[in-house]
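The values are calculated or read from the model by the stated rules, or taken from the named source; none is laboratory data. Remember, predicted model here, so these are calculated numbers, not experimental data. Every residue, glycine among them, receives a Cβ derived from its backbone with ideal geometry; neighbour counts consider all protein chains shown.
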């Protein structure tokens, strides 16, 4: 298991976060679901793991040994050749519970019939990514959703302006119908899974050369030195950390409790921002009753924080989480 060093773990934070996926033909899904849930529970692991005929996908958090046990268990499945793994640290538990689910797809694009393992594009290591996207004959496509792109992206990337990944095939269809449709495409997403599946769809449309960033933005931010990086901004992540920057350190964004949209430092300076209640995006759309309820919840959070106690409405009883919450 290729995890960060013990020294980094001890000097960094309390928990290890593992983002993993692998496209493969999985069998005996019901048995795997039960066994995987059991080993996660026995190791006090929280997070989400999705199983489907096309493979496995998920993000989990726990102590280093617990994560190691779960990852090793999955890696021993006969269908698994090599898990795509990314590790980062967190000062608090980012998940409320454990979910191990069987789905039609491990990442929902509405194209479960695509054999990603056989038809995906070409992996590009992060160290080679800058050279590829600098080429004039390659167009760069961001396979994430519009709210994620707004937080950060590679310069010059095309934003499909999708709200969900299900909308990507329709956008790709339209691109393919253009008279001057490009045939060499580079794609990226957060952890690599969406751009890998999207690359397989692009291949079925007839695009000649399709490349995708191995390990996604997270792997790029982990291994490419900041002074050499072509990434601009922060990277949205689907857990309580909200965003990550180079070195996979936590970013400056937080989440609005009113609408669940990412909130930037600039947003928090707005007259329409109210901590724990609303942000510029939802200030004028939330009902007064909703704002009253959120203000009361925020009040209880603060009172519990002052007493050094856990409040049931919060996502963690960690003192470090309280400290982090008050800083953002």
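Of all residues being surrounded by fewer than 21 Cβ atoms within 10 Å (Cβ to Cβ) and farther than 21 Å from residue 215 by Cα in segment 40-65, which is nearest to the chain's Cα centre (by Cα)? Just the residue, please. So the residue we want is 46.
Of all residues in segment 18-39, those satisfying the criterion of being surrounded by 16 or more Cβ atoms within 10 Å (Cβ to Cβ) and part of a loop (DSSP other than H, G, I, E, B) are 24, 26. Of the candidates 72, 96, the single residue that is more than 17 Å from the chain's Cα centre (by Cα) and surrounded by fewer than 20 Cβ atoms within 10 Å (Cβ to Cβ) is 72. Report yes if residue 168 is out of contact with any strand residue (DSSP E or B) (no Cβ under 9 Å at 6 or more places or on another chain) and in contact (Cβ under 8 Å) with a residue 24 or more places away in the chain, otherwise no. In short, yes.
Okay, residues lined up against (1) more than 22 Å from residue 262 (Cβ to Cβ); (2) in contact with a strand residue (DSSP E or B) (Cβ under 7 Å, 6 or more places away or on another chain); (3) surrounded by 14 or more Cβ atoms within 10 Å (Cβ to Cβ); (4) modelled with pLDDT of 90 or more:
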residue: 285; (1), (2), (3), (4): no, no, no, yes
residue: 299; (1), (2), (3), (4): yes, no, no, no
residue: 304; (1), (2), (3), (4): yes, no, yes, no
residue: 312; (1), (2), (3), (4): yes, no, no, no
residue: 316; (1), (2), (3), (4): no, no, yes, no
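Being buried (at least 16 other Cβ atoms within 10 Å of the Cβ) and closer than 25 Å to residue 246 by Cα is the requirement here; does residue 175 meet it? No; evaluated as a whole, the condition is false for this residue.
Filtered by the rule that a residue be under 14 Å from residue 55 (Cα atoms) and without any contact (Cβ under 8 Å) to a residue 60 or more places away in the chain, segment 77-104 gives 77, 78, 79, 80, 81, 103, 104. Given the structure, is residue 123 over 26 Å from residue 227 (Cβ atoms), under 20 Å from the mean Cα position of the chain (by Cα) and in contact (Cβ under 8 Å) with a residue 60 or more places away in the chain? The answer is no for residue 123. Selection of segment 199-211 for residues being closer than 14 Å to residue 114 by Cβ and in a strand (DSSP E or B) yields only 210.
A count restricted to segment 214-238 and to residues that are more than 25 Å from residue 107 (Cα to Cα) and assigned to a loop (DSSP other than H, G, I, E, B) stands at 4. Identify the residue in segment 260-294 that is in a helix (DSSP H, G or I) and free of Cβ contacts under 8 Å to residues at least 12 places away in the same chain and, among all such residues, is nearest to residue 250 (Cα to Cα). Taking the candidates together, the pick is 266. Within the set 230, 244, 248, the sole residue that is modelled with pLDDT under 90 and within 30 Å of residue 154 (Cβ to Cβ) turns out to be 248.
Being touching a strand residue (DSSP E or B) at 6+ places or on another chain (Cβ under 8 Å) and more than 17 Å from residue 137 (Cβ to Cβ) is the filter here; which residues of segment 200-210 pass it? Quick ask: steps written out before the conclusion?
So the first thing to find is which residues in segment 200-210 are touching a strand residue (DSSP E or B) at 6+ places or on another chain (Cβ under 8 Å), and the list is 202-203, 207-210.
Listed by number, the list holds a single entry, 203.
What helices (runs of 4 or more DSSP H) lie completely within segment 100-166 and have 1 or more residues being over 18 Å from residue 204 (Cα atoms), assigned by TED's automatic domain parsing to the domain that holds residue 215 and touching a helix residue (DSSP H, G or I) at 6+ places or on another chain (Cβ under 8 Å)?
On the way: elements: 116-119, 126-133, 146-149.
Fully inside segment 100-166 and qualifying: 126-133.
Filtered by the rule that a residue be out of contact with any strand residue (DSSP E or B) (no Cβ under 6 Å at 6 or more places or on another chain), more than 12 Å from residue 17 (Cα to Cα) and without any contact (Cβ under 8 Å) to a residue 60 or more places away in the chain, segment 44-64 gives a lone residue, 53. Scanning segment 178-193 for residues that are out of contact with any strand residue (DSSP E or B) (no Cβ under 7 Å at 6 or more places or on another chain) and surrounded by fewer than 24 Cβ atoms within 10 Å (Cβ to Cβ) yields a total of 4.
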